[in-house]
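Values in this text are rule-based calculations from the coordinates and carry no lab data. Just so it is clear, the model here is predicted, and its values are computed rather than measured.
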Amino acid sequence: MLYPRIIPCLLVHNRGLVKTVKFKSPKYVGDPINAVKIFNEKEVDELIVLDIDASINKSEPDYKLIENLAAECRMPLCYGGGIKTVEQAVRIFSLGVEKIAISSLIVENLSIVKEIAKMVGTQSIVVVLDAKKSIKGDKYEVYIHNGSVATGIDPVCLVGELENQGIGEIVINSIDNDGTMNGYDMDLIEKVRNAISIPLTVLGGAGTLDDIGQLIRKYGIIGAAAGSLFVFKGKFRAVLINYPTQSEKEALMDKYFKNSLSTMEN
Amino acid sequence: MITIVDYGLGNIKAFVNVYKRLNIPIRIARESIDLKNATHIILPGVGAFDYAMAKLNASGMREELEKQVIINKIPILGVCVGMQILGKSSEEGNSVGLGWIDGEVKRLDTKLIPYKTKLPHMGWNTVSISKGSELFYNIINNSRFYFLHSYYFYCRNNEDIVNTTKYGIDFASAILHENIYGVQFHPEKSHSNGIGLLQNFARL
């Protein structure tokens, strides 16, 4: 039986790992390679690492860091941050990364993304969309450059178009819920989920394993990503890299997945 | 020495990292001479069937590869698309496959997939013993491996099926014919189960 994926998402800022709240106030949470070593031991399903400086500083991806991360990772690794050209994408894959995450390039130059997909296969291209609710709360908008630039694009329309272009996976990230640990933006997820049939991973707001459970109960196969949940422990947010053990994961699946309505498999 | 075929596809580095950790020497083959002293061959692959065949045919290594596998009976492990091209053809394209194992590559039937997410089949799924093989020595039945694909290998001969996995249908997730092994999942990215499998392959 295929399981939903539970995915830690790590943010790189000034070569260290940070965790933000609503895309602001980055708090240092440790060293990237050390975190990967811990996540190896915990046998995480996948790992997403996003360099939140590269696009804003218009700098090259940090190839040395990517190479070290990929060499350490015993699970699929998705890297994002600063990828603007086909050459950069191909170089990153050659370092041993399975998937690359594209964000602002989708808005700035979709044809380059298509060219990258032609070289490496569409299933290795992940589009990360940072979405924010309008003030009225009736619709969403895609932001780029760490939530600093509004694009006027509705993510729900965009994901359908991306699926048609053959993109392999969408990560939808809620700016409003980022770092709040109060649960996922289920309204946003519902809208995006209904628009596509390619793999969807959701990010932003998970504060407990129960939040992930609720998501899995509703959608069955989905990627449940989280930052704060896997780097903080307790109400004072002490930094502690953590992830459910195999038996905790099995218990979560027994409770929320195996008996859920979305699992009609015999 | 274990030799991995670098024809421009697949995560070569991930295999190298696993074998380095196991202290098992590994060589990367970029031209046919590199395949001459191979004791085991890994044929990786990511992406489309036709692209994989085109790259393999253009690599200059195909003839030596066939000699090693078909005449010298060196064990070979095809991974993901590297497994699929062991077959004769694929619904994904028009190219002729290596045809070393009797079968065709077909698209997974989305009508039978009970989730909103259809394809690709992405994530950790259980691998169940059909006839089993030494490749899975010490790996518990129904262990999970990482999958990322939309097509599967349809075996003409059921006896070539080593393990199956359910995603809509039950498909062959590991196959074996004589010295030719194929796995649809990615052992190089499947934690301890994958490392165990690659270690078993090295011991064949």
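Between B:Arg62 and B:Asp102, full extension at 0.36 nm per residue minus the direct alpha carbon distance yields a gain of 12.5 nm.
Only helices enter this figure: runs of n ≥ 4 DSSP H residues, each worth -39500 (n - 2.57), summed and divided by the residues of the protein assembly as shown, yield -7500 deg cm²/dmol at 222 nm to the nearest 500. Scaling the Cα radius of gyration of chain A by the globular reference 2.2 N^0.38 Å produces a ratio of 0.94.
Considering only alpha-carbon pairs that sit under 8 angstrom and 6 or more positions apart, the relative contact order computed for chain A is 17 percent.
Note on chain B: with a GNM built from Cα contacts shorter than 10 Å, the maximum mean-square fluctuation among B:Tyr154, B:Tyr115, B:Tyr146 falls on B:Tyr115. Within the protein assembly as shown, the percentage of alpha carbon pairs spaced more than 39 angstrom apart rounds to 18%.
Quick check on my link table: of A:Lys84/A:Lys218; A:Lys19/A:Lys42; A:Lys24/A:Lys249; A:Lys42/A:Lys99; B:Lys111/B:Lys166; A:Lys118/B:Lys13, which ones sit more than 24 Å apart, alpha carbon to alpha carbon? Numbers along the way, then the final one.
Working: A:Lys84/A:Lys218 36 Å; A:Lys19/A:Lys42 20 Å; A:Lys24/A:Lys249 31 Å; A:Lys42/A:Lys99 21 Å; B:Lys111/B:Lys166 14 Å; A:Lys118/B:Lys13 21 Å.
Result: A:Lys84/A:Lys218; A:Lys24/A:Lys249 exceed 24 Å.
Would you work out the Kirkwood radius for the range B:2-203? I mean one over the mean of 1/r across all pairs of different Cα atoms, in Å. Taking the inverse mean of 1/r over all distinct Cα pairs, the range B:2-203 comes out at 16.7 Å. In order along the range A:195-204, phi translates into HN-Hα couplings of 8, 9, 10, 7, x, 10, 10, 10, 9, x Hz, rounded to whole numbers, per the Karplus curve 6.51 cos²θ - 1.76 cosθ + 1.60 with θ = phi - 60° and x for Gly and Pro. The Kirkwood hydrodynamic radius of the range B:19-60, based on inverse pair distances between different Cα atoms, is 12.1 Å. Here the extension length gained between B:Asn37 and B:Asn138 equals 33.5 nm, from 0.36 nm per residue of separation less the Cα-Cα distance.
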